[in-house]
Amino acid sequence: MELPITDKTGKKLTPQEVVNKGVNRVGNIFLEFQVYLLHLVGCLPSHFLRKVFYLLAGIKIGKGSVIHMGARFYDPRNIVIGEDSILGEKIVLDGRAKLVIGSHVDIASEVMIYNSQHNVEAEHFSAMETVIEEPVTIEDYVFIGPRAIILPGIKIGKGAVVGAGAVVTKEVPPYAIVGGVPAKIIGERKNKNLHYILGRARLFR
């Protein structure tokens, strides 16, 4: 049985398809509202209060790790952050696929980490067929400079450095220094015996 209801391509939908689309729409609205609330939480000038709300939203945050003000999230439930990591102001953390950030990771302001992107070859460019989701892993002791962009499916190895404004499109080996658009290896971190503690983040940020 088909109902006189069509999708945006003109295809008639069955009752089950209509129900599925309705449930999916309600779920997306709830998630979008949750993301908006977390955006408001990101304006609170208290690391402790923000962390409490982020934990309640499903983000796993290790001991001593902080997220500075203005962070934006996409589905926080898949985000895992290790211990003693500092994430800068106005960062974007995409949790639509698994996002794992290790311990002692220093991420500067306005960095964007995505694990979901459009498939530009899709026929109708609809959300269901255009989304490509791949996990992102950032290992321990990584430093990511301001306004860098990490794309889906990327693994950044232990101790690596990503330069400011870099666009990372492929895996970064441990201790490599990368920069540019797209990011390429431009050096190597000489100290490979990393055991530092980042410590307390700045207050009111």
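The values are calculated or read from the model by the stated rules, or taken from the named source; none is laboratory data. These figures come from a predicted structure and were not determined experimentally. Don't worry about glycine lacking a Cβ; one is built from the backbone with ideal geometry, like all the others, and counts go over all protein chains shown.
Just checking, does the range 29-36 include any residue being modelled with pLDDT under 85, hydrophobic (A, V, I, L, M, F, W, C) and touching a strand residue (DSSP E or B) at 6+ places or on another chain (Cβ under 8 Å)? Yes, there is a match, as at least one residue in the range 29-36 is modelled with pLDDT under 85, hydrophobic (A, V, I, L, M, F, W, C) and touching a strand residue (DSSP E or B) at 6+ places or on another chain (Cβ under 8 Å). Reported count of residues in the range 128-166, each being under 21 Å from I79 (Cβ atoms), among the aliphatic types (A, V, I, L, M) and surrounded by fewer than 18 Cβ atoms within 10 Å (Cβ to Cβ), is 2. Return the residues of the range 87-112 that are in contact (Cβ under 8 Å) with a residue 60 or more places away in the chain and under 16 Å from I156 (Cβ atoms); say none if nothing qualifies. Scanning the range 87-112 gives H104, D106. Considering the range 81-102, and only residues there that are assigned to a strand (DSSP E or B) and among the β-branched types (V, I, T), the residue that is nearest to the chain's Cα centre (by Cα) turns out to be V92.
Residue by residue through the range 42-80, note down the ones that are surrounded by 19 or more Cβ atoms within 10 Å (Cβ to Cβ) and assigned to a helix (DSSP H, G or I). Selection gives H47, R50, Y54, P76, N78. L3 meets the conditions (1) part of a loop (DSSP other than H, G, I, E, B); (2) modelled with pLDDT of 75 or more; (3) surrounded by 11 or more Cβ atoms within 10 Å (Cβ to Cβ) in every case but one. The failed one is (2). Of all residues in the range 131-151, those satisfying the criterion of being over 19 Å from E110 (Cβ atoms) and of a type outside the set (F, W, Y) are V131, I132, E133, E134, P135, T137, E139, D140.
Which residues, counting only those in the range 161-185, are touching a Lys or Arg at 6+ places or on another chain (Cβ under 7 Å) and more than 21 Å from K90 (Cβ to Cβ)? Can you show your working first?
Taking the range 161-185 first, the residues touching a Lys or Arg at 6+ places or on another chain (Cβ under 7 Å) are 161, 164-165, 171, 174-175, 177-178.
Answer for the range 161-185, where residues must be touching a Lys or Arg at 6+ places or on another chain (Cβ under 7 Å) and more than 21 Å from K90 (Cβ to Cβ): E171, P174, Y175, I177, V178.
For the range 186-205, a residue qualifies if it is surrounded by 12 or more Cβ atoms within 10 Å (Cβ to Cβ), more than 22 Å from E89 (Cα to Cα) and not charged (D, E, K, R), and the qualifying residues are I186, G187, L194.
So is L13 at pLDDT below 90 and in contact with an Asp or Glu (Cβ under 9 Å, 6 or more places away or on another chain) or not? Walk me through it before giving the result.
Values: at pLDDT below 90: yes; in contact with an Asp or Glu (Cβ under 9 Å, 6 or more places away or on another chain): yes.
Here the answer is yes, as L13 does meet what is asked.
The set of residues in the range 131-163 being in contact with a strand residue (DSSP E or B) (Cβ under 8 Å, 6 or more places away or on another chain) and touching a residue at least 40 places away in the same chain (Cβ under 8 Å) consists of V136, V142, A148, P152. Could you say which residue among K8, K21 is at pLDDT below 90, at negative phi and in a loop (DSSP other than H, G, I, E, B)? The match here is K8.
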